[in-house]
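The values are calculated or read from the model by the stated rules, or taken from the named source; none is laboratory data. Keep in mind that this is a model prediction, so the values were computed, not measured. We place every Cβ from the backbone using ideal geometry, glycine too, and count neighbours over all the protein chains shown.
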Amino acid sequence: MRFAIRVSVLARLVIVAVLCVAQISFLSTAFGQRLNQSASFQSTSSDENLGARTSITKPDAHVREWLFGSDLFAEDALEIRRISSKLPVEERLDFLLQWILPSRSHVSFRVTGASSPTNPSPSVRSGSVFETHESQIVSPVYDALNLAKRQGVLPELRKRVKSAVAKNLNDERSRQAMLALVDLELGNGSSAEESIASLHELSSKTPVNSLTELWPVALVAHRGTRQFAESPALGELVSVLYQTCVVRNRSDLPNSFVSQIRRIRTELFDKQWASTDEAVRKIYEWTADYQQEWIPIREATASIRGNGDVVAEWIQDESGVVSNRGGSHTEYLAFATPLKGNYSIEADLAANNLGQILVAGRFVGPGYRDTNFRSGVLSGRLDEIELDKPFEKLDRWIHYRSNIKDDTQTVHLNGRQVQKESVAPNAAPWLAMRGWYTANARFRNFHIAGAPEIPDAVPMLTSRGLSGWTDYFGGSRPEYRGQWKRIDAARGDTMIVGSKKDGLDQSHFESLLRYFRPLMDGDRVEYEFFYDPGKANAHPAIDRLAFLISNEGVTEHWVTDGCFDRTLLRPDNMEFVSDYQRHVGTLPLKVSEWNHGKLQLAGNMIQLSLNDQLIYERPLDNESDRTFGLFHFSDREELKAQSLTLRGKWPKQLLEPQQLADPVPNRLHASMDELNSVFHHDFRDADATTRYFNATTLRNNDGATETDGGLRLTASSFGPWKQLAAVPQFSVRGDFDVAAEFTQAVIPESVDIARVALSISLDDSQARKLITATGYADGQGRHLMGSINLSYPDGTMRFQTGRRTNESTSGRLRIARRGEDVYFLFAYEGSDQWQLLHQETASEAEVPIGGIQLVSIAKGRGTTSAKWLNLTLRARELMVSPSSDPKPVLSVVRIDGTDLRDLAEPNETLLHVGSPDWSPDGTQIAYDQQAGSTLTARLMRVDKTGGDPVDLGFGSMPTFSPDGKRIAFSAARQGVGIMDADGSNRTILDSSGWGIQWSPIPNLLAYSSGGSLYVWDLNTSSRKAVLQGPDAIRYSYIYWNMCWSPDGKRIALKGRRRDNSQDEIAVVTLSNPSRLQVIRTPAKLGGDLGWASDSLQILFPMLSAETRRTQLHCVDVTNPGTPKLWPNQPSDRQISGVSLSNDGKWLAITARPDPRTVPWQNQPNASSN
């Protein structure tokens, strides 16, 4: 910044030299004074004395400020504070006000400040100019306000400021800032609000660009945030300042200034958000105690510290999110204990905040775009690495997973492998989260799992150059670069070499190399260094304090910030402290040999040993960052060090629960013992699958295949929703925990929806369905999800869903309920770490038989598939059905609900019973029976009074003629036809037809073909389309078992809409033209329809909102409303088919009776998840 100011000054000098030669002598004098600050301020006077010495008149003052700009005098803020601190107390206020307020020596306000250096030496901190080890905004204005307040003259100061005349817009800004600052000290809220609002208006009206123009606003924002945070005007002022300096990425402003603006905004928001989830729960302060697992590590270089760049804070908010905020460079939150061996790390990183995680010496995190990720080694640069395929969609968080196994590290982001590499034996064993000041990185749910080894010692040199070490002066100036090297010796040793600089004799050219991880209480560093008097030596350092080792003893040296140092501390500062020497005589140095050094922290003491002899002991500086370093004056000697090893009293095992891990999985695990009813199933056990699952469905569906190691479920869709599920025959009561492991999932991205899911239905009033899945949805990309689907009596549905972008094709899905709280979780293959996907409140209702499903789902055009490996059910109480797969039966029952009789049930091969139809005289029932496909279907007939069913031949969906002598049927791959009631004389009427039903009018039959409705006339042997106009193309498919009204004027049908694939019930009136009336239904419908004898009501199976089972409902077609539950029907079964006898006295139903259940008895091999 000083360089930029001097360039600006020189440019102005050139202009003036051309325009006004007469001023050359003055220019030389003034410019010389700026270059020699000590000469400018030897006197205790203000600028008036400076003006007097150079004969500056008032016009000259104008010229001087134009020549040099106010920025030049802004840089004098620290020097003015130095001078002021040396004056007698009674003279300081007048001195400061003469410098700040317009006077004869200068025409403008000087409302400016500076960032104090970071962590200077104790001797510097003891002065009043630098009162703290942290970088703070300091200003002569603050000093003047404090003095005026102590002297009780703030009101007089306000009058003086208010009466001052502003010469330009920036002067007016400075005047308003001074008024606001005085009002803040006076505690006058209304006046302060008015002054701040005026300052905000001035700053918004005209762009504020230069540092001089920004300082007045910054001082008010800084002081106001601490004293008047509730001010609306202050919030607006801080926002303008933040936009100007930070959002616009102003490279012309000093980093130190911009970082202060970040801190101001952060402090203001802390106070405003104190009652929200983003309120600060914890600030990670440095501690030497291993009980705090995570410690902040701050990048420290001469330029960062000397310029006074703000140090970031690591905080944790009330929601558990950890973030770094403020700062001006790279910051770390590191795990204090080293880890090696086989282990895994999982955590979430905010997608747009560019954080990285360090594991085994390698940083990895998201990139600037969804086509890249970032990777780099510790202490090295980060590279943007292009992905083979962009992430399709990123949500707020990216899931990071690093797995180290057998010296190989694999890193996944959102389930996709992005990096794989070998891990060297001496790889850096530190874990850390890394943040960059421009992004405010955010992390959550950091968890360590596996079998990490905690080493007794850590090699401080790795195979990756000087990874883990930072050159304190490196990069700040060209002459410092390349000072430090890692060299592999011929005998296999590795050493650090700090080179000697020629041509800089007696310059005290400082050179410092610092290690990444600070020292905790009890830590020690052991090393070897080569000693050759006047040629080679290595001096240990803790933070800024270097211990210079020579024959005579140990001399202390406080490392400066080189060319960035503003404290006036000289680089040749040295002090020999006799009280700290612990040796007798000279030090036991071995000349021209390798010496063994050790630096140890014992409590608050630093202990130095040389060749196994204690030589020095002193208290640790309270503000030390405890970073170990190697120091030498590179103009005098080179440095050689090897065998650097860190040892400490770190914990020998991980502490549980881990401080940054998501607490939910731990809480769930802790309560697992209370769920003592356990069923564990391995799908390699085919006999157990048959016994405990829906074996019939799985056995007769081509999508279910037993493969090596598991059960593969495949669902293929050509448009409509298709799914295939494995259903354990268990019901659940009370709290439960269900986990299922899958692998080799095929998730097509060509479909609308594809899911591999664990689903659990609750038997409550809203038919809650709990789903956790991995899958794909159009517009949402690949994801993991947890969801509750709720159904309401009016037919509406609501979804409570949480999604996480993820591309995993294997892992474990889990749903846990504790009380009414439901948790949806996922774990990667081979991992015992559960990540919480979603959490909701549901109900404590029972899970019925069939309510747990492992399912593959496809909707669109594609195939979804996964191999299921195992399933574990844990619950307060598990009930199991003795029958693995309850089968549907054909029953009859009187209309009043009495005389229920089961007439027919499946046999060993034909497992499904459906499509009942009464004979006109009410003595017989025709139905069909199949093995899961209409290709296996048989037409059957049975007497109402019972007896053996009669097989009438191949076909489905029988329907009697009005005289009962014939039966119409549908036959797969043949079409629709008619036959005699005994099965003889079969005739196919239309090979393209399906679902034929006989009309009460003897010569007419209705059926569907290609999504349209037709009537066949037996008299003319021809068909006629019923639906006309738009209705003719409304349906892509009309379901089987449509039904004629008893008067033959209407047909009730169930059709699938062509435009949205939704099912609906409609009534077609056979007029000319025909009319189609849609009957709105709120829930999922069965396929069969029936008419009441009055031809006004239709009857159909539908999921009941009250009972949560499929039962008969009816609706009046003349005044349709919400379907009503049919009275007096059986309540112990799920009804799928219905037919009402012609006399209206009997129902024939096909239904699946509720299974009988018994308490589950745990098996010896039941395992935990």
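Odds and ends about this structure:
- Any hit, region 597-611, residues being at pLDDT below 95, in contact with a His (Cβ under 9 Å, 6 or more places away or on another chain) and either under 20 Å from ALA336 (Cα atoms) or among the polar types (S, T, N, Q) (or both): no
- The C-beta contact set for region 552-574 (first residue free of Cβ contacts under 8 Å to residues at least 60 places away in the same chain and of a type in the set (Phe, Trp, Tyr), second residue in a loop (DSSP other than H, G, I, E, B) and crowded, with 21+ Cβ neighbours inside 10 Å, distance under 8 angstrom, 6+ apart or interchain) is empty.
- Sole residue being surrounded by fewer than 18 Cβ atoms within 10 Å (Cβ to Cβ) and in contact with a strand residue (DSSP E or B) (Cβ under 7 Å, 6 or more places away or on another chain), chosen from ASN1162, ASN1119: ASN1162
Listed here are the residues, each with its yes/no results for (1) in a loop (DSSP other than H, G, I, E, B); (2) more than 60 Å from the chain's Cα centre (by Cα); (3) buried (at least 20 other Cβ atoms within 10 Å of the Cβ); (4) not charged (D, E, K, R).
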position: ASP896; (1), (2), (3), (4): yes, no, no, no
position: ASP899; (1), (2), (3), (4): yes, yes, no, no
position: LEU910; (1), (2), (3), (4): yes, no, no, yes
position: PRO920; (1), (2), (3), (4): yes, yes, no, yes
position: TYR927; (1), (2), (3), (4): no, no, yes, yes
position: ARG941; (1), (2), (3), (4): no, yes, yes, no
position: ASP951; (1), (2), (3), (4): no, yes, no, no
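- Filtered residues of region 953-975 (kept if within 58 Å of the chain's Cα centre (by Cα) and in contact (Cβ under 8 Å) with a residue 40 or more places away in the chain): SER956, MET957, PRO958, SER970
- Of the residues GLY1055, GLY1029, the single one that is on the phi > 0 side of the Ramachandran plot and of a type in the set (Gly, Ala, Ser) is GLY1029.
- Evaluation of THR863 against (1) within 35 Å of the chain's Cα centre (by Cα); (2) part of a loop (DSSP other than H, G, I, E, B); (3) of a type in the set (Ser, Thr, Tyr) (one fails), failing number: (2)
- Of the strands (runs of 3 or more DSSP E) lying entirely inside region 1091-1169, those containing at least 1 residues that are more than 26 Å from LEU890 (Cβ to Cβ) are 1110-1116.
- Selection within region 140-170 - surrounded by 20 or more Cβ atoms within 10 Å (Cβ to Cβ), more than 50 Å from the chain's Cα centre (by Cα) and of a type outside the set (A, V, I, L, M): ARG158
- Candidates THR714, THR801, THR696 - the one that is at pLDDT below 95 and farther than 30 Å from ALA670 by Cβ: THR696
- The set of residues from region 586-606 being among the polar types (S, T, N, Q) and touching a residue at least 60 places away in the same chain (Cβ under 8 Å) comprises SER592, ASN595, GLN600.
- Residue within region 279-302 that is in contact with a Pro (Cβ under 6 Å, 6 or more places away or on another chain) and assigned to a strand (DSSP E or B) present: no
- From GLY811, GLY819, GLY830, residue being surrounded by 18 or more Cβ atoms within 10 Å (Cβ to Cβ), small (Gly, Ala, Ser) and either touching a strand residue (DSSP E or B) at 6+ places or on another chain (Cβ under 9 Å) or modelled with pLDDT under 95 (or both): GLY811
- Residues in region 332-372 that are part of a strand (DSSP E or B) and of a type in the set (S, T, N, Q): ASN342, SER344, GLN356, ASN372.
- Screening the candidates ILE345, ILE357 for the property of being farther than 30 Å from SER256 by Cα, assigned by TED's automatic domain parsing to the domain that holds GLY308 and surrounded by 23 or more Cβ atoms within 10 Å (Cβ to Cβ) yields one hit, ILE345.
- The lone exception for LYS652 - which of (1) assigned to a loop (DSSP other than H, G, I, E, B); (2) surrounded by fewer than 18 Cβ atoms within 10 Å (Cβ to Cβ); (3) in contact with a helix residue (DSSP H, G or I) (Cβ under 9 Å, 6 or more places away or on another chain) it fails: (3)
- Taken over region 683-705, the criterion of being closer than 20 Å to ILE849 by Cα and in contact (Cβ under 8 Å) with a residue 12 or more places away in the chain is satisfied by PHE683, THR689, THR690, ARG691, TYR692, PHE693, ASN694, ALA695, THR696, THR697, LEU698.
For every residue, the table says whether it meets (1) among the charged types (D, E, K, R); (2) outside the structural domain of PRO1130 (by TED's automatic domain parsing); (3) in contact (Cβ under 8 Å) with a residue 60 or more places away in the chain; (4) touching a helix residue (DSSP H, G or I) at 6+ places or on another chain (Cβ under 8 Å).
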| position | (1), (2), (3), (4) |
| --- | --- |
| LEU871 | no, yes, yes, no |
| ARG874 | yes, yes, yes, yes |
| ARG894 | yes, no, yes, no |
| LEU900 | no, no, yes, no |
| ASN907 | no, no, no, no |
| LEU910 | no, no, no, yes |
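- A residue that is within 23 Å of ILE849 (Cβ to Cβ), modelled with pLDDT of 90 or more, buried (at least 18 other Cβ atoms within 10 Å of the Cβ) and among the aromatic types (Phe, Trp, Tyr) occurs nowhere in region 1124-1142.
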